[in-house]
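Remarks on the structure that follows.
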Amino acid sequence: MQGKLELMMGPMRSNKTAELLRRADMRRQYAKQFVLVLKPSDDTKGGPGVVESRNPNGHGKMDAITFNSTNPWEVLQAIRDKEQEIGKRVESIAIDEGQFVDQLFLFTKYLLDAGHDVLVAGLDLDFRALPFGEMLNLTWLVNAYGGSITECMAYCACGARALYSQRLIDGKPAAYDSPIKVPGDSYEPRCADHFVLPGKQH
Ligand SMILES: [Zn+2]
């Protein structure tokens with residue numbers, strides 16, 4: 001039987017990771033499922049082997065398998081090893097920071113076809129307000145395999161709903177063409193009126 005996909009998307013500070021961990025915990029506690037939590041190597045928060053929410057009221061942290069963002073397929077062996085170890089199927093697989101995972105669409109589809117339920121949390125847009133990785137492509141899989149799409153909510157300092165992740169470098173709005181990795185950058189959720197992107201052409 002095919003699995004179903006639960007997709008959790010939104011900007012920075014929309015509690016995506018907290019929501020992912022909450023659902024993983026529910027499945028473990030009440031559905032008695034084995035939930036394998038995966039973390040791509042590009043995700044640096046929480047350190048290796050741990051998925052950690054920035055929300056202090058959330059589920060905190062959970063042990064995770066760290067894998068190379070450029071090769072999610074290495075996880076298949078880890079799943080087989082885990083199933084051997086626990087003597088049953090891994091029912092569910094939870095992936096945090098899905099926007100960083102190469103071939104996310106194909107990898108998720110493979111897991112669903114193999115009968116795993118899959119939960120994916122991640123950013124829908126990058127700091128340029130462009131689709132981030134393959135997160136938005138996963139909506140097709142929800143349509144085809146069943147499951148749900150959750151738009152995680154964040155709020156701008158003005159109180160309006162924030163759909164964008166404002167990138168700041170040294171406290172100032174980052175330029176459209178600024179490099180992806182800059183020390184000292186930070187992000188905050190902003191509404192359309194307060195999101196600014198210096199140097200954006202269109
Ligand atoms: Zn605002």
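What the table below lists for this structure:
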| read-out | value |
| --- | --- |
| Extension gain (nm, one decimal) between residue 148 and residue 2, 0.36 nm per residue minus Cα-Cα | 51.1 nm |
| Placed amide H near residue 8: partners under 5 Å, 5+ positions off or other chain | 120, 121, 122, 150 |
| Gain in span if fully extended, residue 172 to residue 86, counting 0.36 nm per residue against the direct Cα distance | 26.0 nm |
| Under-5 Å amide H pairs with residue 50, H placed in peptide plane, nonlocal only | 64 |
| Formal net charge of residues neighbouring residue 184 (Cβ-Cβ distance under 12 Å; K, R +1; D, E -1) | +1 |
| Full-stretch length increase - residue 161, residue 114 - with 0.36 nm per residue and alpha-carbon distance subtracted | 13.2 nm |
| In sequence order, calculated HN-Hα J values of the stretch 151-158 (Karplus, 6.51, -1.76, 1.60; Hz; x Gly/Pro) | 7, 6, 8, 10, 10, 6, 4, 7 |
| Separation between Cα centres of the stretch 112-175 and the stretch 1-33, rounded to whole Å | 14 |
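Here, each number is a calculation from the coordinates, and none is a lab measurement. This structure is a prediction, so every number in the text was calculated from the model and none was measured. Cβ coordinates were reconstructed from backbone atoms using ideal geometry, including for glycine residues, and neighbour counts include every protein chain displayed.
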